[in-house]
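Undergrad: This is the structure I have questions about; it appears just below.
The values are calculated or read from the model by the stated rules, or taken from the named source; none is laboratory data. On a predicted model such as this, the values are computed, not experimentally measured, just so you know. No Cβ is skipped: glycine too gets one built from the backbone with ideal geometry, and neighbour counts run over all protein chains shown. Surface accessibility is based on the protein's heavy atoms, side chains included, excluding ligands, DNA and RNA. Shrake-Rupley method; radii C 1.70, N 1.55, O 1.52, S 1.80 Å.
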Amino acid sequence: MAGKYDATKVSAAKTIKKSGVAMTLNRKSTTAATNPWEPPTETTTAYPCNGVITNYSAYEIDGTVIRRDDRKVLLAADGLAVTPTTADTLTIGGVELAIMHVEPIAPSNDPIIYTVQVRNV
């Protein structure tokens with residue numbers, strides 16, 4: 001069964017790349033300084049990815065969890081080196097967006113697509 005989902009994963013990535021836009025998943029990490037009096041070093045690693053940006057429907061928007069300006073991004077899992085988290089951000093068209101929620105679509109514990117809720121920072 002894994003082979004069937006592998007083909008679906010590749011197909012989803014191709015469709016998203018064709019219909020979507022290039023974006024960057026940004027992950028910050030902190031490294032402790034050698035000396036305790038020095039500040040830690042913060043590094044941001046950029047992971048290129050492709051996604052389709054959609055709006056939430058009126059019945060999904062509750063004003064609290066999902067706001068009117070939030071967007072839903074379908075990210076292709078194939079080729080993405082990391083799993084998105086709410087600690088990451090997405091940069092789309094030069095605009096950095098906070099990730100509010102991530103929902104993997106993973107029929108066999110192997111994500112095909114990530115549904116990501118993003119909000120202006």
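Undergrad: For the range 21-43, name all the residues that are exposed (fewer than 11 other Cβ atoms within 10 Å of the Cβ), touching a residue at least 12 places away in the same chain (Cβ under 8 Å) and among the β-branched types (Val, Ile, Thr).
TA: Scanning the range 21-43 gives Thr30, Thr31, Thr43.
Undergrad: Quick one: Glu60 ticks every box in (1) open to solvent by less than 60 Å² (accessible area, probe 1.4 Å); (2) within 17 Å of Asn120 (Cα to Cα) bar one, so which box is it?
TA: (2)
Undergrad: Something else about it: If we only count strands (runs of 3 or more DSSP E) wholly inside the range 25-96, which ones have 3 or more residues that are under 17 Å from the mean Cα position of the chain (by Cα) and under 14 Å from Tyr114 (Cβ atoms)?
TA: On the way: elements: 41-55, 71-76, 89-92.
By residue number, 41-55, 71-76.
Undergrad: Turning to a different aspect of this structure: Condition first: surrounded by 11 or more Cβ atoms within 10 Å (Cβ to Cβ) and either in contact with an Asp or Glu (Cβ under 7 Å, 6 or more places away or on another chain) or among the hydrophobic types (A, V, I, L, M, F, W, C) (or both). Now tell me which residues in the range 63-86 satisfy that.
TA: Val65, Ile66, Val73, Leu74, Leu75, Ala76, Ala77, Leu80, Val82
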